[in-house]
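The values are calculated or read from the model by the stated rules, or taken from the named source; none is laboratory data. Since we're looking at a predicted model, the values are computed, not measured. Every residue, glycine among them, receives a Cβ derived from its backbone with ideal geometry; neighbour counts consider all protein chains shown. Please note that ligands, DNA and RNA were not included when accessible areas were found on the heavy atoms of the full protein model with its side chains. Shrake-Rupley method; radii C 1.70, N 1.55, O 1.52, S 1.80 Å.
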Amino acid sequence: LELTKYQQAIIDSFNGQIQNISSTVGTLEKLSQTDKELLKKYSKVYFLNENYVPAVLSEVEENYAFQQGGGNLLIHTQVWPHLKELIDAARRDDIELLVVSAFRSFDTQASLKSEYRIIYGAGTANQFSADQGYSEHQLGTSVDFTTVALGASFTRFETTTAYKWLLYNAHVYGFSLSYPKENTYY
């Protein structure tokens, strides 16, 4: 049985449509299984309630973390392999990156913000710190970096070669700077 060119073109067209539909179904299936809160871009608009905690969190391995006085740093489990890959790539380029802050619960963010208000005043604290329920850290997808030289005080991180490396390379591993200079949020 021999097909004409016209018949083959119709079959090829149907095959292409079937592949597109399969791809769309796969994407929709992934989205349906993704935490709805992760699909939103957090700013001063979207709110996470006090009970929200990512379904799965993994511990940041000790050699990737800046540990001052111990304590576990947690990151969304799906983010952890990408974060590890980013830090490993930086190290191969002789760039030191250490995670100083990662997942924060609603209550932890509230305590931190309260502390900042006492130390810096409400106006200044609002310029650099999110209120509880509005922090990307509560999603478990955001980290703050430091270096050994800076320690736990990472406010000068933007002056380091590590920061410059991240600006040029973080996107390769699926990360971006949430609040660049001159942004209208923080």
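Results for (1) over 19 Å from Glu136 (Cβ atoms); (2) touching a residue at least 12 places away in the same chain (Cβ under 8 Å); (3) open to solvent by 50 Å² or more (accessible area, probe 1.4 Å); (4) part of a helix (DSSP H, G or I), shown as yes or no for each residue.
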{"position": "Gln78", "(1), (2), (3), (4)": "no, yes, yes, no"}
{"position": "His82", "(1), (2), (3), (4)": "no, yes, yes, yes"}
{"position": "Glu85", "(1), (2), (3), (4)": "yes, yes, yes, yes"}
{"position": "Ala89", "(1), (2), (3), (4)": "yes, yes, no, yes"}
{"position": "Ile95", "(1), (2), (3), (4)": "yes, yes, no, no"}
{"position": "Val100", "(1), (2), (3), (4)": "no, yes, no, no"}
{"position": "Phe103", "(1), (2), (3), (4)": "no, yes, no, no"}
{"position": "Gln109", "(1), (2), (3), (4)": "no, yes, no, yes"}
{"position": "Leu112", "(1), (2), (3), (4)": "no, yes, no, yes"}
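Which condition from (1) exposed (fewer than 12 other Cβ atoms within 10 Å of the Cβ); (2) within 30 Å of Phe47 (Cβ to Cβ) is the one that Asn72 breaks?
(1)
Are any of the residues in region 166-183 in contact (Cβ under 8 Å) with a residue 24 or more places away in the chain, under 23 Å from Thr108 (Cα atoms) and part of a loop (DSSP other than H, G, I, E, B)? Show your work before the answer.
Taking region 166-183 as the starting set, the residues that turn out to be in contact (Cβ under 8 Å) with a residue 24 or more places away in the chain are 166, 169-170, 172-175, 178.
The next check asks that each one be under 23 Å from Thr108 (Cα atoms); those that pass are 178.
From the residues that got through so far, the ones that are part of a loop (DSSP other than H, G, I, E, B) too are 178.
Scanning region 166-183 turns up at least one residue that is in contact (Cβ under 8 Å) with a residue 24 or more places away in the chain, under 23 Å from Thr108 (Cα atoms) and part of a loop (DSSP other than H, G, I, E, B).
How many residues, within region 117-159, are open to solvent by 20 Å² or more (accessible area, probe 1.4 Å), assigned to a loop (DSSP other than H, G, I, E, B) and among the β-branched types (Val, Ile, Thr)?
Final tally of qualifying residues: 4.
Among (1) more than 26 Å from Thr159 (Cα to Cα); (2) buried (at least 18 other Cβ atoms within 10 Å of the Cβ), where does Asn51 come up short?
Condition not satisfied by Asn51: (2).
Kindly provide the set of residues from region 158-186 that are out of contact with any Asp or Glu (no Cβ under 8 Å at 6 or more places or on another chain) and aromatic (Phe, Trp, Tyr), ordered by number.
Hits for region 158-186 are Tyr163, Tyr168, Phe175, Tyr179, Tyr185, Tyr186.
Restricting to region 116-140, what's the tally of residues that are at pLDDT below 80 and either in contact with a Leu (Cβ under 6 Å, 6 or more places away or on another chain) or of a type in the set (Phe, Trp, Tyr) (or both)?
So the answer is 4.
With the requirement that a residue be at pLDDT 60 or above and of a type in the set (Ser, Thr, Tyr), what does region 1-57 give you?
Hits for region 1-57 are Thr4, Tyr6, Ser13, Ser22, Ser23, Thr24, Thr27, Ser32, Tyr46, Tyr52.
May I ask you to verify whether Gln67 is open to solvent by 80 Å² or more (accessible area, probe 1.4 Å), free of Cβ contacts under 8 Å to residues at least 60 places away in the same chain and in a loop (DSSP other than H, G, I, E, B)?
Working: open to solvent by 80 Å² or more (accessible area, probe 1.4 Å): no; free of Cβ contacts under 8 Å to residues at least 60 places away in the same chain: yes; in a loop (DSSP other than H, G, I, E, B): yes.
For Gln67, the condition - open to solvent by 80 Å² or more (accessible area, probe 1.4 Å), free of Cβ contacts under 8 Å to residues at least 60 places away in the same chain and in a loop (DSSP other than H, G, I, E, B) - is not met.
Of (1) touching a residue at least 12 places away in the same chain (Cβ under 8 Å); (2) under 18 Å from Thr146 (Cβ atoms); (3) open to solvent by 50 Å² or more (accessible area, probe 1.4 Å), Glu62 satisfies all except one. Which?
(1)
Sort out which residues of region 111-128 are within 22 Å of the chain's Cα centre (by Cα) and charged (D, E, K, R), and write them in order of number.
Lys113
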